[in-house]
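Report on one structure; see the data block that follows.
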Amino acid sequence: MSLPSLTAQERAAALEKAVAARTIRSDIKSGLKTGSVSVADVIGAASEEPALGRLKVTDLLEALPGIGKVRATLIMSELGIAPTRRVRGLGVHQRRALVEHLGQQQ
């Protein structure tokens, strides 16, 4: 399957949209690191902002202070969340379990 041919304007618009999405995800990760944003806030905002919905759960967890790759993988396996899952793909029970689990650890 080949990619569709884009005009220069379409390519520029797509690039601008991608940069904006990466900026949003970066800002959220910074907020998680500093503690100004909670995981519950991110999960709630993901339904409104498509860029947050595409954030991988592992990236979300690793942005928290004190959680690295190993601990994020352990948390996800305990809660039954697949390693490739994105925030938008979490079920209601998985969202609740994730927020409760992280609330207990802090």
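A few comments on the model shown:
- Rounded to the nearest 20 debye, the dipole size of the chain about its Cα centre is 240 debye, using +1 on the Cβ of Lys and Arg and -1 on the Cβ of Asp and Glu.
- Computed with the Debye formula from one identical point scatterer per Cα of the chain, without solvent, the log10 of I(q)/I(0) at q = 0.11, 0.16, 0.18 Å⁻¹ comes to -0.39, -0.71, -0.85.
- Ranked packing of 49-60, 10-21, 64-75, most packed first, by mean Cβ within 10 Å: 49-60, 64-75, 10-21
- Added length on full extension, which subtracts the Cα-Cα distance from 0.36 nm per residue, Ser77 to Ser38: 11.9 nm
Values in this text are rule-based calculations from the coordinates and carry no lab data. Just so it is clear, the model here is predicted, and its values are computed rather than measured. Counting neighbours? That spans all protein chains shown, and the Cβs are built from the backbone with ideal geometry, glycine included.
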